[in-house]
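For reference, the structure is listed below as structure tokens.
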Amino acid sequence: MRAEPWRRDRGADKVPVTAHVHRALGEDIMRLAVVGAFAIALVAQLTTPTFAADPLKVGVLMPTSGVFAVLGQRQLKGMQFAVEEAGGTVAGRKIEMLHEDTEGKPDMGLAKSRKLVLSDRVEVMTGIISSAVALAVAPYLSSQRVPLVISNASTDLLSGAKCDRYVFRASYSCAQITEPIGLWMAKHAPKNLYILASDFVAPHEYVAAMKRGYLAGGGMIVGETFTPFARTQDYGPYISQARSANPGAIFAVYFAAEALLFVKQYDSFGMKAKTPLFGPVGLTPPVLRKAQGPSALGVISPSNYVVELDTPENRAFREAYKKKFGEDPEEFSVMGYDAMRFIIEAVKARNGDTKDRPALVGAIEKVAYSGPRGPMKMAKNHQATQNVYIVKTVQKGSDVAFEVIDTYPNFEDPVQGCKLN
């Protein structure tokens, strides 16, 4: 069949246009406008991203068994407190903490990271006590474009040679927390120092940072000994070796059970009375003070937090934390709190949008607030800039407490070599 060409009916052009037709046309146009506006609004609603309705899934890699279990449990309390302080939501999204126990083991940490990312579909991660676990996990999370805000692991590598665009740290590097005590000792302690420290990675980094500050200020190292890690029960021979060098002071790096033994044996050798003892706050932390007793008195350390800080932010935090958990906060719980708060503040700044991961990273970089530790923000190498306090263990009534004797405000991480990918 041949197609007939369309011919316009010229008579249609001669239909009279009346006022009634004008009104009808106007009503039709109005109805079309209303329907069109409704359709546009409906389409806009349907095409708006749905992140605001979904929970914010935060993966938490934290040891709750193994050698670091106590520290992990304290950091989890701090994170939980931060979430509840925010009302359990951020930008209209319920915050879900999905915790996995790393046992403090690198292979376990990596396996649990994969589960959280691939199965649980977390959008951001936090936690990690062990530096070895952090170094194992960070490259994988970066490859998946999942931001990580570390709450403890302190190796200098994480803010130096192995820093990463997707990795942040809310705690401290070994250098950041220890260089200030070296600077302080150069001004206020004897100029000849002996070093005793446990022989594993972190103490070597602590010692190197302290030396930079101390030697730059004119101090002199008269000797150093690294003792076998986790295999030393009797520190007597090492203390005697240090005493024979006739130092004016001792800088010691020990933690947990080793710190308990070392501090008590140092005192029993009669050293404390004439040779002042310096070292990381882990030498005399609140958890060890009761067991260490009077032996803990007089030790001078650097710390990024002590419960005794007398600021409005810390007074409010301390009171609320103790009301919830029945105990005072301490360094590890506060670092857990701050790691989670960096995440909450960044997601809030993004109005809940976590799908644009580079933008979320940019938001974490811009977070700044004043918290229990003092002013907090991220430096260019993704290490939190913070106050470092010089504290001394003193008798306070029937208890041993920290007294803040000096402050290095807004101390930026001195670690070099970071080139963010």
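The values are calculated or read from the model by the stated rules, or taken from the named source; none is laboratory data. Not measured: the values here are computed from a predicted model. Please note: Cβ atoms are built from the backbone with ideal geometry, for glycine as well, and neighbour counts cover all protein chains shown.
The sole residue among Ala189, Ala209 that is touching a residue at least 12 places away in the same chain (Cβ under 8 Å) and either buried (at least 23 other Cβ atoms within 10 Å of the Cβ) or at positive phi (or both) is Ala209. Against the list (1) farther than 19 Å from Thr354 by Cα; (2) out of contact with any helix residue (DSSP H, G or I) (no Cβ under 6 Å at 6 or more places or on another chain); (3) assigned by TED's automatic domain parsing to the domain that holds Asn351; (4) buried (at least 23 other Cβ atoms within 10 Å of the Cβ), the condition Pro180 fails is (3).
Against the test of being under 21 Å from Gly182 (Cβ atoms) and either touching a strand residue (DSSP E or B) at 6+ places or on another chain (Cβ under 9 Å) or assigned to a loop (DSSP other than H, G, I, E, B) (or both), the options Ala209, Ala230, Ala242 yield a single qualifying residue, Ala242. When Thr284 is evaluated against the numbered criteria (1) under 29 Å from Pro147 (Cα atoms); (2) touching a strand residue (DSSP E or B) at 6+ places or on another chain (Cβ under 6 Å); (3) hydroxyl-bearing (Ser, Thr, Tyr), which criterion, by number, is the only one it fails? (1) is the only condition that Thr284 fails.
Counting just the residues of the stretch 144-154 that are within 13 Å of the chain's Cα centre (by Cα) and part of a loop (DSSP other than H, G, I, E, B), which one comes out surrounded by the most Cβ atoms within 10 Å (Cβ to Cβ)? Result: Ser151.
No other residue among Gly66, Gly78 is in contact with a Ser or Thr (Cβ under 9 Å, 6 or more places away or on another chain), modelled with pLDDT under 95, surrounded by 12 or more Cβ atoms within 10 Å (Cβ to Cβ) and not in a strand (DSSP E or B) apart from Gly66. Taking the stretch 245-264 as the range and being assigned to a helix (DSSP H, G or I) and among the aliphatic types (A, V, I, L, M) as the test, the residues that pass are Ala256, Ala257, Ala259, Leu260, Leu261, Val263. So for the stretch 354-368 (the condition being more than 26 Å from Lys419 (Cα to Cα) and in contact (Cβ under 8 Å) with a residue 40 or more places away in the chain), does at least one residue qualify? Checked the stretch 354-368: no residue is more than 26 Å from Lys419 (Cα to Cα) and in contact (Cβ under 8 Å) with a residue 40 or more places away in the chain.
Residue count for the stretch 110-122, restricted to those that are of a type outside the set (Val, Ile, Thr) and in contact with a strand residue (DSSP E or B) (Cβ under 6 Å, 6 or more places away or on another chain): 3. Inside the stretch 89-109, residues that are out of contact with any strand residue (DSSP E or B) (no Cβ under 6 Å at 6 or more places or on another chain) and either outside the structural domain of Leu148 (by TED's automatic domain parsing) or in a loop (DSSP other than H, G, I, E, B) (or both) make up a count of 6. Of all the criteria given as (1) of a type in the set (Phe, Trp, Tyr); (2) part of a helix (DSSP H, G or I); (3) touching a residue at least 40 places away in the same chain (Cβ under 8 Å), the one not satisfied by Tyr194 is (2). Could you grab me the full set of residues in the stretch 380-406 that are within 24 Å of Asp156 (Cβ to Cβ) and free of Cβ contacts under 8 Å to residues at least 60 places away in the same chain? Within the stretch 380-406, Lys380, Thr385 meet the criteria. Evaluation of Pro375 against the conditions (1) surrounded by 14 or more Cβ atoms within 10 Å (Cβ to Cβ); (2) touching a residue at least 60 places away in the same chain (Cβ under 8 Å) shows that the sole unmet condition is (2). Which residues, taken from the stretch 279-309, are outside any loop (DSSP other than H, G, I, E, B) and more than 16 Å from Ala252 (Cβ to Cβ)? Correct list: Pro286, Val287, Arg289, Lys290, Ala291, Gly293, Pro294. Among helices (runs of 4 or more DSSP H) entirely within the stretch 310-421, having at least 3 residues that are of a type in the set (Lys, Arg) singles out 312-325.
Consider the stretch 155-177 and keep the residues that are more than 14 Å from the chain's Cα centre (by Cα) and in a loop (DSSP other than H, G, I, E, B). The one that is surrounded by the most Cβ atoms within 10 Å (Cβ to Cβ) is Cys163.
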